Structure formats: C-alpha cells, structure tokens
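Here it is, the structure in full.
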Amino acid sequence: MGPIALFDKSFLQSLNQDEAVWFDQFYIPNISPLFYVETLADLDKEMSHGRTAEQVVGEIASKTPELSGVPNVHHQELLLANLMGQHISMTKRPIVAGGRPVESGGKKGVNIDVSPEAKAFFRWQNSEYLQIEREFASTWRTRLKSMTFESSAIYVKKLGIDTQQCKNIDDAYAAANQIVSRTGKPYDLIEFIVSVFDIPREYHQLLVRGYQTANFPPLKYYAPYAAHVIKVEVFFHISVSRGFISADRPSNKIDIAYLHYLPFCYVFISGDKLHKKIAPLFLADGQRFVWGPDLKADLARLNEHFMAFPETVRDRGIFSFASKPPSEGNFLTANLWDLISTSWRTSDKNHAPLSEKTNEKLLRHIKGFTEAPTLPPEMAPASEDEIESLSLQRSIRKKRGSWYQIPKDYQED
C-alpha cells in the first residue's frame, strides 16, 4: 500500500481514466469533504464548449478513487471535538466516520459500510442526482459568489496582530503560529474561533469553561488539531488583509481549507498555484507537497509501463501484477512510496497465492464481521488497541478505462 494522499479537485480533474486507475492503485487517497462539495457545486455552474454540468460532474465522479480511498470527517466536526476535549489523531492517517462496532468469533472489530459519499459518486457517474443535491449545489454556488473578506483585517487586529509587520507569507505564517503558541488574549481567540466557524451558541460557554479550567495554556498544547486549523485560518485572514492572497476570488477560501486536512496524509497533491505557494509552510516532517502536473505525467508513464505487459497478464486484474510500483525507472510514485518505507524495494516480488482452504477461512472471517449485529455502546471497543479486526466495504467497477481491477473472468454470484 502506498502513501496516504490528500488531493484537490484540480488534480483529479486533470487525469484521464487510466491515470486515475493508477492513482487509486498506488496511493491511499484521503478524500476531503471539500472535494465532494466542489464537485457537487459544479452541478450549478455554467459549462462552456457545450458540455452540461451533469457531464462534468459525472466525469469527475468516474475518476474518483474507489479501491482504497476513504472520506475524511469534516474539519469543523474535528475542530469542535478537539476543543471539547476529544483527542484527534494527527498521525498522517484519515479520520473516518461511520464505523459500526461488532464482535465475531470472540474478537471485537469495526465494520465500515460503503460511505454515503461513495454511493453518491456512483450515482453521479450515471447522471443520477437527488433533488436535495441539486438544491445544495445551487445554494453553494450562491454562497460562494457572495463570499467577501472585508472582516479579515478586523479579525486579526482583535487577536493583537500588527499586519503591517507582515511583509510576506512567511511573516504571515510566523504571526499565525504565534497566536496558537502564546497564552495571551484567550477570550479573543475563542471569539475568533466561534465566529469564523459558526460554532453553535450552545457550545460557547462549554468551550470557555473547558479552556478556563485548563488555565488557558497555548492552544497548540490544549487542542493540537484545533490549533492547526486556527493557524491556517489566521494565516489566511492576515494574507487577505495584506493582499498576499486575493480577496476577489472567493474560491480561495475553499482552496485554503484543504490545508485543514494536512495532518491526515503523507502527500498533498494539487495543481492549484495557491496550494503550491503556501502548502509547504504547513507541512510537517515526513510530508511532501506534490505538484499535480508532475504526478499526472508519472501516472501516464506507469500506464505505459504496465500496458507493455501481455494481455493474458493484464486480464488477471491489476492486483495480480501491480501490487507496487516499479522499483527501476525513477518513477515519482516509487520515490513517494519511500516516504513510508524503502522495504518494499527489496521484498519478494511475488507472493504465493492463498490455498483454497485458507481463502475460505478468510472469507468466513470477513463475512462474520460484516454481518454481525452492532454491539451496544458498553461492549464496543474503548480504544484502537482493542480493535482486532477492521472491515471496510467498497463498491468497485470490474473495469475502469483500459484496466480490469478484478480478473476479467470473474463472475458475480
């Protein structure tokens, strides 16, 4: 399995079907909720060159990862949970919702069904849209067009930031980092948070009381994920007020929000110039920004490499002959795999297939978990350490583009 990869719509939209297959195969895509929002918003956008919005959305949906991608929980939910005292893991792994605690064969685990987002994308591939989705698309486009940032300067001034001292984006980042690293102006900081993120009023006193009880430590220690999100937001408002980021392009607000998901990936892939400029400021050790056109070219090379395999091999499905990228040829994808570990380069290329007996035993084990009843809360695993099995269900197409994702001769029951 490759590195966990956060991507934006511009990157996926640039791929053709075959390139999308190899992105899905060699990476574990973290699908940000912003990607779904942006894609659905295209339903209400005027298309040029005679194409309908439905055609554009369907095309993006057809390229969306389905083999290994998972939708991340929305950053506002995670922000609020972290501020309320819940630990948010920031270990370059997606935060996935919808897990159902189960028990089978005396072992506890979690079963995650096909996500609502994945089901929606399958419908969108066939231009099938629910009325609520059409209404959301129209509302979102209207909201985006009306978005303005006149209050950005007011926000940062209340936090005690002298924007005139910020001469470039590096200064803006340093000022934003100082806000989450200091102990001063805690009430102004909370006011900024509840205002920017429209946090419901019933949480306001709880947030103040919890922070006050902790004696107002720096936010980066009190709620590390919330601090990351706030740092991005403060940086954005400083940059807008100083003209480093244009206030005339409302979509910049969506583009910047992708950075809220950086703690849940190893690589961030984008073809957006704003991302290329600012994302590296927020990357941690072991993370990397990847320019979308560079990876697109690499995926095209991979497609050409595997297309040279005999048809009889390709008909067995990509899992059978492309479990990892080529170690020779200086592929960008191979270099990104090295971010996780280089052991894949020296491991055996071929693994003995499971025996029929072992395969049947594994299938029974999986089926037991997926069909097991949901455990009551008091019996559910209390931590990750108690989870002995994780089942994540997917719905995939037999063939995408030129490639069989499962064997050509596979027959459904």
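I'm trying to understand the selection: among the residues of region 67-87, which are surrounded by fewer than 22 Cβ atoms within 10 Å (Cβ to Cβ) and in a loop (DSSP other than H, G, I, E, B)?
Result: L67, S68, V73, H74, M84, G85, Q86, H87.
Could you grab me the full set of residues in region 88-100 that are within 29 Å of Y222 (Cα to Cα) and not in a loop (DSSP other than H, G, I, E, B)? Steps first, answer last, please.
Our first condition is that a residue be within 29 Å of Y222 (Cα to Cα); within region 88-100, this holds for 88-99.
If the condition is that a residue be within 29 Å of Y222 (Cα to Cα) and not in a loop (DSSP other than H, G, I, E, B), then G99 is the only one that fits.
Here's something else I'd like to know. Residue under question is I190, and the condition is that it be surrounded by 13 or more Cβ atoms within 10 Å (Cβ to Cβ) and outside any helix (DSSP H, G or I); does it hold?
Numbers: surrounded by 13 or more Cβ atoms within 10 Å (Cβ to Cβ): yes; outside any helix (DSSP H, G or I): no.
Taking the combined requirement at face value, the residue does not satisfy it.
Can you name every residue in region 204-218 that is in contact with a Lys or Arg (Cβ under 9 Å, 6 or more places away or on another chain) and in contact (Cβ under 8 Å) with a residue 40 or more places away in the chain? It would help to see each step written out before you state the result.
From region 204-218, those in contact with a Lys or Arg (Cβ under 9 Å, 6 or more places away or on another chain) are 218; that's our starting set.
Listed by number, the list is empty, since nothing qualifies.
From the list S246, S195, S181, exactly one residue is free of Cβ contacts under 8 Å to residues at least 12 places away in the same chain, under 21 Å from I161 (Cα atoms) and not acidic (D, E). Which is it? Quick ask: steps written out before the conclusion?
Values: S195 fails: free of Cβ contacts under 8 Å to residues at least 12 places away in the same chain; S181 fails: free of Cβ contacts under 8 Å to residues at least 12 places away in the same chain.
The match here is S246.
Please specify each residue of region 154-174 satisfying the condition of being buried (at least 17 other Cβ atoms within 10 Å of the Cβ) and more than 12 Å from F244 (Cβ to Cβ). Spell out the reasoning first.
At the first step, the residues of region 154-174 found to be buried (at least 17 other Cβ atoms within 10 Å of the Cβ) are 155-156, 159, 161, 163, 166, 169, 172-173.
If the condition is that a residue be buried (at least 17 other Cβ atoms within 10 Å of the Cβ) and more than 12 Å from F244 (Cβ to Cβ), then Y155, V156, L159, I161 are the ones that fit.
Being surrounded by fewer than 16 Cβ atoms within 10 Å (Cβ to Cβ) and either farther than 25 Å from Y410 by Cα or of a type in the set (D, E, K, R) (or both) is the filter here, so list the residues in region 284-315 that pass it.
Hits for region 284-315 are A284, D285, G286, P293, D294, A297, A300, E304, E311, D315.
Condition (residue is modelled with pLDDT of 75 or more and either within 23 Å of the chain's Cα centre (by Cα) or not β-branched (V, I, T) (or both)) applied to region 383-395: is it met by at least one residue? Spell out how you get there, then give the answer.
Pass one, region 383-395, residues modelled with pLDDT of 75 or more: none.
Within region 383-395 (the criterion being modelled with pLDDT of 75 or more and either within 23 Å of the chain's Cα centre (by Cα) or not β-branched (V, I, T) (or both)), the answer is no, since none of the residues qualifies.
Among the residues in region 304-319, are any of a type outside the set (V, I, T), at pLDDT below 90 and within 26 Å of G292 (Cα to Cα)?
Yes, region 304-319 has at least one match.
Let me confirm something: among L262, L281, L336, L299, which residue is of a type outside the set (S, T, N, Q), touching a helix residue (DSSP H, G or I) at 6+ places or on another chain (Cβ under 7 Å), at pLDDT 90 or above and assigned by TED's automatic domain parsing to the domain that holds D8? So that I can check it myself, show each step before the final result.
Working: L262 fails: assigned by TED's automatic domain parsing to the domain that holds D8; L281 fails: assigned by TED's automatic domain parsing to the domain that holds D8; L336 fails: touching a helix residue (DSSP H, G or I) at 6+ places or on another chain (Cβ under 7 Å).
Within the list L262, L281, L336, L299, the selection yields L299.
Identify, please: which residue in region 88-105 is among the aliphatic types (A, V, I, L, M) and under 30 Å from R201 (Cβ atoms) and is, among those, surrounded by the fewest Cβ atoms within 10 Å (Cβ to Cβ)? Step through it out loud before you land on a result.
Keep residues of region 88-105 that are among the aliphatic types (A, V, I, L, M), which gives 88, 90, 95-97, 102.
Narrowing further to those that are under 30 Å from R201 (Cβ atoms): 88, 90, 95-97.
Values: I88: 21, M90: 16, I95: 21, V96: 17, A97: 13.
Here the residue is A97.
If you don't mind, there's one more thing I want to ask. Pairs only if they're at least six apart or on different chains, beta carbon under 6 angstrom, first in region 32-43 and crowded, with 21+ Cβ neighbours inside 10 Å, second at pLDDT 80 or above and not in a helix (DSSP H, G or I); list them, first residue then second.
S32/N72
Can I ask one more? Run down I230, I238, I269 and say which single residue is buried (at least 16 other Cβ atoms within 10 Å of the Cβ) and part of a strand (DSSP E or B).
Working: I230 fails: part of a strand (DSSP E or B); I238 fails: part of a strand (DSSP E or B).
From the options I230, I238, I269, the qualifying one is I269.
Here is a further query. Tally up the residues in region 118-155 that are part of a helix (DSSP H, G or I), of a type in the set (A, V, I, L, M) and at pLDDT 70 or above, please. Can you show your working first?
Filtering region 118-155 down to residues part of a helix (DSSP H, G or I) leaves 118-125, 131-146, 152-155.
Narrowing the set further to residues that are of a type in the set (A, V, I, L, M) leaves 118, 120, 132, 137, 144, 153-154.
Checking the rest, the ones that are also at pLDDT 70 or above come to 120, 153-154.
Residues that pass the stated criteria total 3.
The values are calculated or read from the model by the stated rules, or taken from the named source; none is laboratory data. Because the structure is predicted, anything quoted here is derived from the model rather than measured. A quick note on method: Cβ atoms are made from the backbone with ideal geometry, for glycine too, and the neighbour counts reach across all protein chains shown.
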